[in-house]
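Novice: I am attaching a structure below and will ask some questions about it afterwards.
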Amino acid sequence: MKMKAVAFLFVALVVGAMSESHSVSNSASFTHNELEAINVQNIRLAPTLSSRVFLGARGGSKLQVAPSMLDVQLGWVTLSWENISPATNDDWIGVYSPAITPELLSQHTPVKYQFANHSALHVATGSGALNFTLLNMRDDYNFVMFSGGTTAPVAIAISNRVSFTPAVMNAPQQVHLALADSSGTSMRVTWVSKNQNRPYVKYGDSDILSHSVDALSSTYTSDSLCGPLARTLGWRHPGFIHTAIMDNLLPSTTYFYRVGDAFGASEVYSFVAPKVIDKESNVRMVAFGDMGKGEIDLTQQLGWAHNNPPALNTSIRVERELEKQLDLVLHIGDISYAVGYAAVWDMFFAQVQHIASRVPYMVATGNHEADYPHTDSFFNTDDSNGECNVPYMARFFMPVPVTQRQREPWYSFNYGNIHFIISSTEHDFRPDSAQYRFVAADLAAVDRSKTPWVIFSGHRPMYIDSTWSQGEGADQPVAQLLRDSYEPLFMEYGVDLALFGHHHSYQRTCAVYNHTCISTPTKTNGFTAPVYLVIGMAGASHSDNLYPVTPQEFEVVNVKEYGYITIETSATVLRTQFISDVDGSVLDELVITRQTAQPDVVHA
């Protein structure tokens, strides 16, 4: 347990010591997942490549990693090599898990990679060494040295294997919480392990952990997915996913819990039970979209023009918010950017576990989780590379409202004095759709005497400063479709704030209806119109496709900084702040005030 804490502190120290520059390349060559740069099916083997450890194809090339056994979930290893000749700037190292053999190299993508010239002497001497972090993904690792760059790779050397101790290999991972419903008396916990053998959660309001609940287990196979890359080059087994509900909780009470099975148990985590649903139950939360994950060893960062991945910065800053009151996190789509590369889901959950194991981590699906042709996604694009929402739905168990009989990618819940509606912009939202009927009925049923604030969220924006106006899923026609469906409902039922991602920027409108500013939010004493925020600035490369003249409804458009927003409420004040992931400074602020807790709704 202590080693895990120290390991994460080291992550924070390493990232904090890096450059604070956040200038990111927006060139056409950027990909949402840098593994897409590797032409896996074009991999060739050097003529004399041997599958024996340490041996390569160039007359004694050596590739060796140490240590060969790790006893932590995330540990450092050193890869060293010699006798690479000729050594060039195109040589690169693939990191594989499960460990790979030569004949399978053209069938599997590495989980990450790095260019050998990051070791200063590589090109001059053909020798070098690099440090890598390896995350326990329930299998062994090994390394492969390639020449020929990522477009025409030739395998020239394969390393020995690295494994994890049995205790680590079988330990629970990816622990994350979610609200189970709006009762305020329950919390769901979900985690992953290598096996399924009587999984459970034990919990209590002291370290005795007097309550125990059996968990339900599931997994998914490559056949569950919709197409390549998810089914093929990017596939690896996700492990077994377990979920259980801790119930009969007392509001605002600290609980402790541990998850496990017959093979072992996790450390003890803690959380604070949900607050009473009441107008006086103030909320403080964090929200963002489009984060993804970063690697502290700086591998797999070909598409970034900096050495400080914003996704890591955002995660670390949000973890620091836990030192203050933090009730929940809302991540609205484009979660991990796995886009078919299953290992990325493991890496993402490891990045956020220190947050998600302590507060509810609520999510919305995005195009890079859901969209695939000829499925139930609304857009006929392959933005998920064949995932078609299967990993997302398998890994995130969000509340099922009492009006629904089964899980859907849209839902709602109450927390404190806020009613939240989480939509899926990737599924049909038009007025004759099941989702629209749910949203309309849900808004009509909100009790504003208990939850005076209503926040709507989804991935694709309803208002957006973006020049993308043509093509499947283009920003402007989608925004118009969303407005046609939802804007009259928002006005009728007084939605206060709408949060979106997708465009990698921070944008804030006035209180707006039909492109017309109704009032300045900071001077509003009764409801006039919703304020719309685009908060897709948590990690993915900035979108710079802005109009030369900012549309009149936007008060702030920022495509230069990364971060997240905080939301704080009282019965009569809702405040949001855009927080920099570099230094924690406030980059923008919105304040909506009312004289009374219940809005004077203006009907459209």
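The values are calculated or read from the model by the stated rules, or taken from the named source; none is laboratory data. Given the structure is predicted, the values throughout are model-derived calculations rather than measurements. Here the Cβ positions follow ideal geometry from the backbone for every residue, glycine too, while neighbour counts run over all protein chains shown. Side chains included, ligands, DNA and RNA excluded: accessible areas come from the protein's heavy atoms. Shrake-Rupley method; radii C 1.70, N 1.55, O 1.52, S 1.80 Å.
Novice: For segment 109-210, which fully contained strands (runs of 3 or more DSSP E) count at least 1 residues that are touching a Leu at 6+ places or on another chain (Cβ under 7 Å), at negative phi and charged (D, E, K, R)?
Specialist: Details: elements: 112-115, 128-135, 142-147, 154-158, 173-178, 187-193, 200-204.
Ranges flagged: 187-193, 200-204.
Novice: Looking only at segment 543-559, count how many residues are out of contact with any Leu (no Cβ under 7 Å at 6 or more places or on another chain), open to solvent by 30 Å² or more (accessible area, probe 1.4 Å) and not in a loop (DSSP other than H, G, I, E, B).
Specialist: Looking only at that region, the number is 2.
Novice: Would you mind stating whether His331 is in contact (Cβ under 8 Å) with a residue 12 or more places away in the chain, in a strand (DSSP E or B), touching a strand residue (DSSP E or B) at 6+ places or on another chain (Cβ under 6 Å) and closer than 30 Å to Ile38 by Cβ?
Specialist: yes
Novice: Let me ask something additional. Report yes if Ala230 is more than 30 Å from Val268 (Cα to Cα) and among the small types (Gly, Ala, Ser), otherwise no.
Specialist: On the way: more than 30 Å from Val268 (Cα to Cα): yes; among the small types (Gly, Ala, Ser): yes.
The answer is yes for Ala230.
Novice: Also: Of all residues in segment 348-387, which are over 30 Å from Thr254 (Cβ atoms), assigned to a helix (DSSP H, G or I) and open to solvent by 10 Å² or more (accessible area, probe 1.4 Å)? Outline the logic, then answer.
Specialist: Restricting attention to segment 348-387, the residues satisfying the condition of being over 30 Å from Thr254 (Cβ atoms) are 365-387.
Right, trim to assigned to a helix (DSSP H, G or I) and you get 367-370.
Correct list: His368 only.
Novice: Only one of Thr109, Thr151, Thr133, Thr125 is surrounded by fewer than 19 Cβ atoms within 10 Å (Cβ to Cβ) and in contact (Cβ under 8 Å) with a residue 60 or more places away in the chain; which? Please lay out each step first, then the result.
Specialist: Numbers: Thr109 fails: surrounded by fewer than 19 Cβ atoms within 10 Å (Cβ to Cβ); Thr133 fails: surrounded by fewer than 19 Cβ atoms within 10 Å (Cβ to Cβ); Thr125 fails: in contact (Cβ under 8 Å) with a residue 60 or more places away in the chain.
Checking each option against the conditions leaves just Thr151.
Novice: Would you check if there is a residue in segment 223-240 being part of a loop (DSSP other than H, G, I, E, B), within 22 Å of Pro360 (Cβ to Cβ) and of a type in the set (D, E, K, R)?
Specialist: Checked against the condition, which is being part of a loop (DSSP other than H, G, I, E, B), within 22 Å of Pro360 (Cβ to Cβ) and of a type in the set (D, E, K, R), segment 223-240 yields no hits at all.
Every residue, every condition in (1) over 30 Å from Pro98 (Cβ atoms); (2) open to solvent by 10 Å² or more (accessible area, probe 1.4 Å), yes or no:
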| position | (1), (2) |
| --- | --- |
| Leu249 | yes, no |
| Gly260 | no, no |
| Glu267 | no, yes |
| Met285 | yes, no |
| Thr299 | no, no |
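Novice: Also: Closer than 27 Å to Ala99 by Cβ, buried (at least 16 other Cβ atoms within 10 Å of the Cβ), out of contact with any His (no Cβ under 6 Å at 6 or more places or on another chain) and of a type in the set (Ser, Thr, Tyr) - does that describe any residue in segment 194-214?
Specialist: no
Novice: Looking at segment 241-264, which of its residues are in a strand (DSSP E or B) and at pLDDT below 95?
Specialist: First, pick out the residues of segment 241-264 that are in a strand (DSSP E or B): 241-246, 254-261, 264.
The answer is Gly264, and nothing else.
Novice: Okay, moving on. What about Pro530, is it modelled with pLDDT of 95 or more, more than 17 Å from Ser543 (Cα to Cα) and either surrounded by fewer than 24 Cβ atoms within 10 Å (Cβ to Cβ) or aromatic (Phe, Trp, Tyr) (or both)? Lay out the reasoning, then the answer.
Specialist: On the way: modelled with pLDDT of 95 or more: yes; more than 17 Å from Ser543 (Cα to Cα): yes; either surrounded by fewer than 24 Cβ atoms within 10 Å (Cβ to Cβ) or aromatic (Phe, Trp, Tyr) (or both): no.
Judged against the criteria, Pro530 is not a match.
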